[in-house]
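Student: What follows is a structure written as structure tokens; I'll ask about it next.
Derivation of every value follows stated rules applied to the coordinates shown; laboratory data play no part. This structure is a prediction, so every number in the text was calculated from the model and none was measured. For neighbour counting, all protein chains shown are included, and Cβ atoms are generated from backbone atoms with ideal geometry for every residue, glycine included.
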Amino acid sequence: MTDIPKTYSPQEIEAKWYQFWLEKDYFHAADTSDKPSFSIVIPPPNITGNLHVGHALDNTLQDVLIRWKRMQGYNALWMPGTDHAGIVTEIIMEQKLEVWGTSREALGREKFIDRMWNWKNESRGTIIEQLRQIGCSCDWERERFTLDEGLSEAVRTAFVKLYDDGLVYRDTYLANWCPNCQTVISDLEVESIEIDGSFYHIKYPIKGSSEYLEIATTRPETMLGDTAVAVHPEDNRYQHVIGKTVILPLVQREIPVIADEFVDREFGTGALKVTPAHDPNDYELGLRHDLPQINIFHPDGTLNQSAGSEYHGMDRFDCRSALIEDLRDSGLLMKVVPHPHSVGHHDRCGAIVEPYLSPQWFINVKPLAERAIEAVRKGEVVFIPEREEKRFYHWMENILPWPVSRQRWWGHRLPIWYCDDCGEVIAAVETPLECTCGSQNLRQEEDVLDTWFSSGLWPFSTMGWPKTTPLLKSFYPTSVLVTGWDILFFWVARMIMLGLKCHGEVPFRKVYIHALVADEQGQKMSKSRGNTIDPIDTIYKYGADAFRFALVFCTLPNPYMPLPESQIEAGKRFANKIWNASRFLLMNLGNFDPSRTTNSNDNLYLCDRWIRSRFNATAKNVTACLDEYRFSDAAHALYEFLWHEFCDWYIELIKQRLYYTDDSSSKQTVQSVASDILERTMRLLHPTMPFLTEEIWQRLPHEGDSIMVAPWPNPNPAWDDPESENAMQTIMDVIESIRSIRGEMNVAPSSEVEILIKAPSAKNRNLLETHLEDYLPSFTRISSVSIAESLEKPAACATAIVGDLTLYVPLAGVIDIGAERNRLEKRLGKLTADLTAARKTLDNPKFIERAPKTVVMQKQDLLERFESEKEKLESNLNMLE
RNA sequence: GGGCGGGUAGCUCAGUUGGCCAGAGCGACGGCCUUACAAGCCGUAGGUCACAGGUUCAAGCCCUGUCCCGCCUACCA
């Protein structure tokens, strides 16, 4: 066993165990089982993407849950897969095509799609392989992709079902249009960004008059599509122009001045240019006043022929500049005023979104939303943290129709066919052969569906829906969904709506919404900020377990979670600490034979009973934390127990017995207790740090083939031992006091000191007499220990007080009286303050009267302790001369 | 404009239904290569819990107001 390396090196260990688990098929969940079911579907990452830190967090948390539940005896399914990620993937492909000197249009739909599939097949596995590197125990045999035939059938089925129920319709509407991607997008995909824009004040001359109206606009180029000017009906400034005609500058089109209450008199000049085809408000205004809609843009954002020959073919922003110059030249530009305002940008490509008239397919999600809200209100889906539920309601209650068609090629083509002969529109799961009119001139809709539509079906489409499969029966609704808050509306809300609609049941019982990863300054990690960390580099540098531990440790129910590199380093140090504690133990197991150990408590030392009791508390705590999705607390509990109880104290406490005991049965006992506690703790830690724990577990005495399938450690009620915990606490306090004196008095660690302890109570005297000499040498160099009911304070010594105990450490020739006085006075100052506060509370008759008895008693105890300690401190101070 | 979250140690944050002397990690300072671990060990310092009121026997926690910060959301051209 001495061949165990001194430092933990994760690389080969991680690869080895992952392969082992795969070979043993531990990741695979049975279709049906006698065990209770637990299931999670992975938020499918982009098939052509790379793992980023957000994925790492999301999937680590899922892996923690799934490994934990598996150990708890569940038939645990983690359904993996990937998403085709329509628009983003196409954007990247188009960039590649440009480099290769071609384009989407040049290739045509069929060849373009072929390229996409080739790319998909090439990159297939990249992100999956990365998930494996962080240790994800997904059921890889069941891996799905949103464009697979089965899932595509689910998409068609769901869409047709919605169509048949009258929830799908086609409409020409002023929707958000991305001129760069040349597709409509939903309002969720529009990101408002504040820009330093300008207000352009333009003269609109009134026909047959020398007067003009002053119009302020942020988008002067849209004036080419103006079909009216509007003022407030009660605006005194403009009463005389209502009903008159103005001449649209440059264009010379005559347009009416209308009155509408929508216009805000306070804003701008109180006169509004109306462009029904290019502004949502103007669109509504136009409908009310029956104004013409003049579309001045091509789909790519260049000006079309309606803009007039002057501007035809120009880009919309070039046109703005040109138009401003022309207005200036004509003397119609009055002024340009800085006007910061927010402008919609496409969240995928960053282009400024254009409100644009086009025929689109919509889903009327209002009825679905109502049902989803009801389900959440009834608790069929529980949000963690709870506050996310409010965001959910807020969005759902104000939901608008969902534009689902996209003018793109990579995705599910809408299962809609048009009859060229009779104009019939057919929605069908399978390609129809002929129309009801008998015509075979059927043409499928060109548009594809929004990627989020297929994602919305993910929890059941991956399990075989629309077929009724054993998998659906066993695992739907899934137990919990784990995802970031940024896709609550995009994805979570839609899954709930579509799950209820299509499968009649919510898709998951719980949603755990985690933070987005931020850097040390609290800034979200993003490529544009350049503050990202690469998970694969990080794993290489620190090890997967260290990375996972840091992620779990930092996971709090906040919107952003800082993940400083120092925390990942701490994870690495923790892994190394565990490694070395295990190494120590393994080196001292000798020819220990666990099978010969009885479970008798006879030979147990105080510290054995203590560590078992502490283990119990830890096991309870960790389980409770995971039950409540308090990941960070679980990690803290494990860290605290392993490092600061097991390593700092227990290992030190047993060294004497392991090193110097000849009594083989006593040695056998401590070997048994220590290896048993470590083995169980490895199981508690396994979901968080799977590789390290497997490696150590395999080396320790254990039962079974893998820690992965070992049972989750439950607390053993027989191990709860508050008395031992109290006794150990006293001993630890004594040791800490001595160490503190040595440290503060600058006693060299190599020099031995004498310890005298006045122990008035028989209980503590007995405790110290029985145990202290066993334990003390491991912690501090001592020449002798004297314990007595009462003893005289030696000259020139430092003192400390622990409960009713008074410790004397003679330091003749070493002690600095001034330093010791300072030390004691400082302690006394704090003590006096605390004592005064406690006394004040207790002197209040209302406190005695109204506070619970236990609280009063606690306070009284506390006061007594303060008083006794103060008394001792003062006497020590007085004797200091 | 509306909504949500936050302001606790130098930094990042815990602090679960109000009730032991307000904690952790990192950083700082001092001392140790003590045979599991220097990726370690020991010790020390550092906080008017944003501010002002209120409720209560008791407030970091509950209520009101103020000041900051962040985010989400909204059609003011």
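Student: A:Asn714 to A:Ser751: extension gain in nm, 0.36 nm per residue of separation minus the Cα-Cα distance?
Tutor: Extra length available between A:Asn714 and A:Ser751 comes to 8.8 nm.
Student: So, one more: Once amide H atoms are built 1.01 Å from N in the peptide plane, which residues 5 or more positions from A:Ile787, or in another chain, come under 5 Å H to H?
Tutor: Those lying under 5 Å, H to H, from A:Ile787 are A:Ile757.
Student: Next up: Taking other Cβ within 10 Å of each residue's Cβ, how do A:Trp643, A:Trp78 sort, fewest first?
Tutor: Lowest to highest Cβ neighbour count: A:Trp643, A:Trp78.
Student: Additional query: Can you grab the distance from the C-alpha centre of segment A:563-578 to the C-alpha centre of segment A:205-238, Å, no decimals?
Tutor: Value for the Cα centre distance between the two parts: 65 Å.
Student: Still on this structure, I have one more. Roughly what angle does helix A:606-627 make with the longest principal axis of chain A, taking Cα atoms, 0 to 90 degrees, to the nearest 10?
Tutor: 10 degrees
Student: Give me the aspartates and glutamates in straight-line cross-link reach of A:Lys335: C-alpha distance below 15 Å, same-chain residues under 8 apart excluded.
Tutor: A:Glu214, A:Glu325, A:Asp326
Student: Straight-line reach from A:Lys853: which lysines fall under 25 Å, measuring Cα to Cα and dropping same-chain residues less than 8 apart?
Tutor: A:Lys840
Student: If you plug each phi of segment A:767-772 into the Karplus form 6.51 cos²θ - 1.76 cosθ + 1.60 with θ = phi - 60°, what whole-Hz ³J(HN,Hα) values come out, in order, with x for Gly and Pro?
Tutor: 4, 5, 4, 6, 10, 4
Student: Return the distance in nm (one decimal) between the two label points of a simple spin-label model at A:Asp421 and A:Asn878, each offset 7 Å from Cα along Cα→Cβ.
Tutor: Reported label-point gap for A:Asp421 and A:Asn878 is 11.6 nm.
Student: Using the Cα centre as the reference, give the magnitude of the dipole from point charges on the C-beta atoms of segment A:477-539 (Lys, Arg: +1; Asp, Glu: -1; all else neutral), rounded to the nearest 20 debye.
Tutor: 360 debye
Student: Still on this structure, I have one more. Pop the C-beta distance of A:Asp300 and A:Asp264 into the FRET formula with R0 = 30 Å and round what comes out to the nearest 0.05.
Tutor: 0.35
Student: What is the spin-label model distance, in nm, from A:Val855 to A:Trp643 if the labels are put 7 Å beyond Cα along the C-beta direction?
Tutor: 3.5 nm
Student: Let me ask something else about it. Residue-wise, which Karplus ³J(HN,Hα) couplings in Hz belong to segment A:67-79, taking 6.51 cos²θ - 1.76 cosθ + 1.60, θ = phi - 60°, and x for glycine or proline?
Tutor: 5, 5, 5, 4, 5, 6, x, 8, 7, 9, 10, 10, 7
Student: Here's something else I'd like to know. Put +1 on the Cβ of each Lys and Arg and -1 on the Cβ of each Asp and Glu in segment A:790-874; which of A:Ile817, A:Gly829, A:Thr854 then has its Cα farthest toward the positive end of the dipole?
Tutor: It is A:Thr854.
Student: Also: In whole Hz, with x marking every Gly and Pro, tabulate ³J(HN,Hα) for segment A:686-691 from phi via Karplus 6.51 cos²θ - 1.76 cosθ + 1.60, θ = phi - 60°.
Tutor: Residue by residue, segment A:686-691 yields 4, x, 7, 10, x, 6 Hz.
Student: For A:Leu332 and A:Asp235, what is the calculated FRET efficiency with R₀ set at 22 Å and r taken between the beta-carbons, to the nearest 0.05?
Tutor: Calculated transfer efficiency: 0.50.
Student: Turning to a different aspect of this structure: Just subtract the alpha-carbon distance of A:Lys577 and A:Asp25 from 0.36 nm times their residue separation and send over the number in nm, one decimal.
Tutor: That pair, A:Lys577 and A:Asp25, stretches by 195.7 nm at full extension.
Student: Taking 0.36 nm per intervening residue step and subtracting the Cα-Cα distance, what contour gain separates A:Ser666 from A:Asn726 on full extension?
Tutor: 19.3 nm
Student: OK, next. What shape does chain A have by the C-alpha gyration tensor, where a ≥ b ≥ c are the square roots of the eigenvalues, rounded means a/c under 1.5, and otherwise prolate means a/b greater than b/c and oblate the rest?
Tutor: Prolate, since a/c reaches 1.5 and a/b exceeds b/c.
Student: Can you sort A:Ile817, A:Ile707 so the residue with the fewest Cβ neighbours within 10 Å comes first?
Tutor: By the 10 Å Cβ count, ascending: A:Ile817, A:Ile707.
Student: Quick one: if you stick a label point 7 Å off each Cα along the C-beta vector at A:Val382 and A:Asn531, how many nm between them?
Tutor: About 3.5 nm separates the two model spin labels.
Student: With r defined as the distance between the Cβ atoms of A:Thr126 and A:Lys366 and R0 fixed at 41 Å, what FRET efficiency is calculated, to the nearest 0.05?
Tutor: Between A:Thr126 and A:Lys366 the formula returns 0.55.
Student: Pull out a ≥ b ≥ c, the square roots of the eigenvalues of the alpha-carbon gyration tensor of segment A:90-148, then state rounded if a/c is under 1.5, prolate if not and a/b is larger than b/c, and oblate in the remaining case.
Tutor: prolate
Student: Would you mind checking the pairs A:Lys572/A:Lys655; A:Lys161/A:Lys467; A:Lys830/A:Lys859; A:Lys120/A:Lys524; A:Lys826/A:Lys872; A:Lys161/A:Lys501 and listing those with alpha carbons more than 19 angstrom apart?
Tutor: Going by Cα-Cα distance, A:Lys572/A:Lys655; A:Lys120/A:Lys524 fall outside the 19 Å limit.
Student: In whole Å, what is the distance between the alpha-carbon centres of segment A:640-702 and segment A:734-780?
Tutor: 25 Å
Student: Using just the helices of chain A, give the 222 nm mean residue ellipticity in deg cm²/dmol: DSSP H runs with n ≥ 4 each add -39,500 (n - 2.57), and the total is spread over all residues, rounded to 500.
Tutor: -13500 deg cm²/dmol
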